[in-house]
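Heads up: the structure comes next, in structure tokens.
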Amino acid sequence: MTRPQAADPAALATEVARLADLAELQKLAGRYLASLDEGDFDEAWAKSLFTEDIEMTFPVGSHHGISGVGDFTTVIMARWGRTHHHGSDSSVDLDGDRAELSWSLIASHVHHGSPLPPDPSEYFQLGGRFTGTARRLSDGWRFDRLRLRISWTTGAVPRGVTQVDVKTLDTRGNTTAAASAASATAATKEN
């Protein structure tokens, strides 16, 4: 894309609006990740991040619609005593009032009852990639689709997690048999 010339106010205004949208979408992804660590998943939280028809696909479950999205998130996050979600800058493709986003994630999950620092924690970590779409609403950008695909894990999974949705696993480089074995291993590797 060529940069607008100062002599073209309309082109400059369009570029400023595009950059503002990119900044807002980056903030949306950052607010979502930070909110996971803060743990307040009420109605105001949901409406500040998601459209009414949000679709979420995560390794431990899926959810559709803003109604109940807070409870869905609470159930997932209640498995941990503390968490720390670290995301990369988002890749954003704008198309008018719609956008596609993706960003890399490293998430650290500390088990309930784990010692406080400086003692070593009992934890589960994962690396993966969030992908999603967002729409511009009258009060700003909101996710309407969000998916987490996991590339790697380490540590002990929490009690009660016996399987993951294989559609959310990045199995590149694995044979079908290896991917099945990895899924079976994850199912038995409980804390």
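Throughout, read-outs are computed from the coordinates displayed, never taken from laboratory work. The model shown is predicted, which means the values in this text are computed figures rather than measured ones. Heads up, the Cβs are rebuilt from the backbone with ideal geometry, glycines too, and the neighbour counts pull from every protein chain shown.
Only beta bridges with both residues in region 44-148 are counted; by DSSP, about 90 percent of them are antiparallel. For region 80-97 versus region 14-56, the inter-centroid distance based on Cα atoms is 9 Å. When P(r) over Cα pairs in 10 Å bins from 0, in percent is computed from the coordinates, the matching label among (1) 10, 39, 38, 12, 1; (2) 8, 31, 32, 18, 7, 3, 0; (3) 9, 30, 29, 16, 13, 4, 0 is (2). When only the Cβ of Lys, Arg, Asp and Glu is charged (+1, +1, -1, -1), the dipole of region 36-100 relative to its Cα centre reaches about 380 debye. Under 5 Å between amide hydrogens, built in the peptide plane, is the criterion, and for His112 it picks out Gly81 among residues at least 5 positions away or on other chains.
Which whole DSSP H helices in the chain pass both tests: a Cα extent of 24 Å or more along the axis and a mean Kyte-Doolittle value no lower than -0.5?
TM-like helix candidates: 9-38.
Considering helices alone, the calculated mean residue ellipticity of the chain at 222 nm is -10000 deg cm²/dmol, with DSSP H runs of length four and up weighted by -39500 (n - 2.57) and normalised per residue.
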